[in-house]
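Chemist: Take a look at the following structure, please.
The values are calculated or read from the model by the stated rules, or taken from the named source; none is laboratory data. The structure displayed is predicted, hence computed values, not measured ones. Neighbour counts are summed over all protein chains in view; Cβ atoms, including those assigned to glycine, are modelled from backbone coordinates with ideal geometry.
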Ligand code: ZN
């Protein structure tokens, strides 16, 4: 495993749409391992592949230590409620702002075995799902701000 360099805001790749993963190759498995290590090294709770410069629909999230969630080709299949909480991004170090997000979010994706998985999260996990999936479509949390960007 290796720590990869995190792409920062200003790099145009962050505004690009990521492509679906067609086959879970050793290269994808390696990417996921590196993403988990990179996310942990940066003390983040989520990372999208585009943030390490790879335009693939791959996300890792870890809001509960030691329990990383791997999402390949994820889609939001249900959401409910609303929350306005502070959010930040490893691609915008030292910045944060309040966003409006659903309070509960269900995502469907493939895991590293190519098996369909579904997760439902509330609060922080729901925000993480929205934030990381937005990255796959070239969107940043600054697009969902309800106030000023701080920091
Ligand atoms: Zn982010």
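Chemist: For the list (1) under 23 Å from residue 28 (Cα atoms); (2) more than 13 Å from the ligand (Cβ to nearest atom); (3) buried (at least 18 other Cβ atoms within 10 Å of the Cβ), I need the number of the one condition that residue 121 fails.
Modeler: With (1) under 23 Å from residue 28 (Cα atoms); (2) more than 13 Å from the ligand (Cβ to nearest atom); (3) buried (at least 18 other Cβ atoms within 10 Å of the Cβ) applied to residue 121, the lone miss is (1).
Chemist: Looking at region 110-124, is at least one residue farther than 23 Å from residue 16 by Cβ, outside any loop (DSSP other than H, G, I, E, B) and out of contact with any strand residue (DSSP E or B) (no Cβ under 7 Å at 6 or more places or on another chain)? Full working, then the answer.
Modeler: So in region 110-124, the residues farther than 23 Å from residue 16 by Cβ come out as 111-124.
Still in the running and outside any loop (DSSP other than H, G, I, E, B): 116-122, 124.
If we keep only those that are out of contact with any strand residue (DSSP E or B) (no Cβ under 7 Å at 6 or more places or on another chain) too, we end up with 124.
Scanning region 110-124, I find at least one residue that is farther than 23 Å from residue 16 by Cβ, outside any loop (DSSP other than H, G, I, E, B) and out of contact with any strand residue (DSSP E or B) (no Cβ under 7 Å at 6 or more places or on another chain), so the answer is yes.
Chemist: So which residues in region 138-148 are loosely packed, with under 13 Cβ neighbours inside 10 Å and outside any helix (DSSP H, G or I)? Quick ask: steps written out before the conclusion?
Modeler: The initial filter retains those residues of region 138-148 that are loosely packed, with under 13 Cβ neighbours inside 10 Å, namely 143, 146-148.
146, 147, 148, listed by residue number.
Chemist: If you don't mind, another one. Which residue is nearest to residue 106 (Cα to Cα), if the candidates are limited to region 25-48 and must be touching a helix residue (DSSP H, G or I) at 6+ places or on another chain (Cβ under 8 Å) and without any contact (Cβ under 8 Å) to a residue 40 or more places away in the chain?
Modeler: 35
Chemist: Tell me which of these residue 106 doesn't satisfy, since it passes every other one: (1) in a strand (DSSP E or B); (2) away from the ligand (no atom under 16 Å from the Cβ); (3) over 15 Å from the mean Cα position of the chain (by Cα).
Modeler: Result: residue 106 fails condition (3) only.
Chemist: Answer with yes or no whether residue 8 is within 12 Å of the ligand (Cβ to nearest atom), in contact with a strand residue (DSSP E or B) (Cβ under 9 Å, 6 or more places away or on another chain) and within 16 Å of residue 142 (Cα to Cα).
Modeler: Details: within 12 Å of the ligand (Cβ to nearest atom): yes; in contact with a strand residue (DSSP E or B) (Cβ under 9 Å, 6 or more places away or on another chain): no; within 16 Å of residue 142 (Cα to Cα): yes.
So residue 8 does not fit the description; no.
Chemist: Residue 109 passes all but one of (1) surrounded by fewer than 17 Cβ atoms within 10 Å (Cβ to Cβ); (2) out of contact with any helix residue (DSSP H, G or I) (no Cβ under 9 Å at 6 or more places or on another chain); which number fails?
Modeler: Failing condition for residue 109: (1).
Chemist: Against the definition (closer than 19 Å to residue 144 by Cβ and out of contact with any strand residue (DSSP E or B) (no Cβ under 8 Å at 6 or more places or on another chain)), how does residue 51 come out, yes or no? Steps first, answer last, please.
Modeler: Details: closer than 19 Å to residue 144 by Cβ: yes; out of contact with any strand residue (DSSP E or B) (no Cβ under 8 Å at 6 or more places or on another chain): yes.
Considered against the rule, which asks whether it is closer than 19 Å to residue 144 by Cβ and out of contact with any strand residue (DSSP E or B) (no Cβ under 8 Å at 6 or more places or on another chain), residue 51 comes out as yes.
Chemist: Name the pairs: first residue in region 126-147 and on the phi > 0 side of the Ramachandran plot and more than 10 Å from the ligand (Cβ to nearest atom), second residue at pLDDT 95 or above and in a helix (DSSP H, G or I), Cβ to Cβ under 7 Å, at least 6 apart or on different chains?
Modeler: That search, which allows pairs on different chains as well, returns 138/14; 138/15.
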